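Asker: Please find one structure pasted underneath; my questions will follow.
Coordinate-derived values only; no laboratory data. The model shown is predicted, which means the values in this text are computed figures rather than measured ones. Positions of Cβ are generated from backbone atoms using ideal geometry, with glycine treated the same way; all protein chains shown enter the neighbour counts.
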Amino acid sequence: MALSLFSGCHTTHAHSAPAQPSAPPAQSPAPTVAKHPPRDSALSVYHNPAYGISFRYPRTYLLDESSDSENSAISEAEQQLATDQPGATLVALVSIPPDAYPNTTFRSGTLQFVVNPALTSAACHALAAPTGDAVNFGSTSVQGLTLAWVQTSSAALGTSYLNRDYAGFSNGACYEFLLQVAISPNYDGDHQFKSADAPKILHQLSKIVSSLQIRPVSSEAP
């Protein structure tokens, strides 16, 4: 808290009594400084030196790396990636806990960090080119890295999906961030659920992408 110091104006009067030595002013107690938690105390940091990347994500979210072969979500994502993008590697998966939005239609929310060293810069950005089912698209710059992005929506078996895919070229490889929010029907036959705000949830995942830090890596990196 900034403290402003104001200088007072002193006046004298004729025939005043001789000034008596005044006692030194009492020292005011130092103002109490409120101790706030660190600004990012609600966030965790993921750091991968092999790819020169780090990002922040909410501490309540779950993060798994591809080396965790016991995680079924990782295995399913890797299988899908092998079909969609041969040669790409799923490096990390961030998941919103399934109980993050209780009594709503929220089903799941994920962010996949994918690296594909087989693509050129042009081919990389083409991954986020708008298609017929695109509802929005654009580009953003994070720490000097230009990320093209495209947002799409789809539905299958009563579940709706909102996706946003980012793609940018760095350290000789294509870096992708694949975001998805899945929303279930608002009823299960017995109970009516409040509709989850899919765009708002997707925005929370996009904040992770906005926190990216990119550093050069050596040629020995994967």
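Asker: Taking the Cα-to-Cβ direction at residue 140 and at residue 191 and moving 7 Å from each Cα, how far apart do the two end points lie in nm?
Answerer: Spacing of the two 7 Å Cα→Cβ label points: 3.3 nm.
Asker: Given R₀ = 22 Å, FRET efficiency for residue 41-residue 210 by Cβ-Cβ distance, to 0.05?
Answerer: It comes out at approximately 0.75.
Asker: Can you compute log10 of I(q)/I(0) for region 139-222 with the Debye formula, treating each Cα as one identical point scatterer, at q = 0.11, 0.16, 0.25 Å⁻¹?
Answerer: Values returned for q = 0.11, 0.16, 0.25 Å⁻¹ are -0.43, -0.71, -1.21.
Asker: What percentages make up the Cα-Cα pair-distance distribution of region 72-119 when the bins are 10 Å wide from 0?
Answerer: Values per bin, smallest distances first: 24, 44, 23, 9, 1.
Asker: Grab the Cα-Cα distance for residue 121 and residue 73, subtract it from 0.36 nm times how many residues apart they are, and report the gain in nm with one decimal.
Answerer: On the way: separation 48, 0.36 × 48 = 17.28 nm, distance 2.89 nm.
Taking residue 121 through residue 73 to full extension adds about 14.4 nm, to one decimal.
Asker: From the phi angles alone, apply the Karplus equation (6.51, -1.76, 1.60; θ = phi - 60°) to region 146-163 and give each ³J(HN,Hα) in whole Hz, x where the residue is Gly or Pro.
Answerer: 7, 10, 7, 9, 9, 10, 10, 9, 7, 8, 7, 6, x, 9, 9, 10, 10, 10
Asker: Sorted by mean Cβ packing within 10 Å, highest first, what order do the peptides 196-208, 159-171, 85-97 take?
Answerer: Details: 196-208: 16.9, 159-171: 20.7, 85-97: 18.5.
Final packing ranking: 159-171, 85-97, 196-208.
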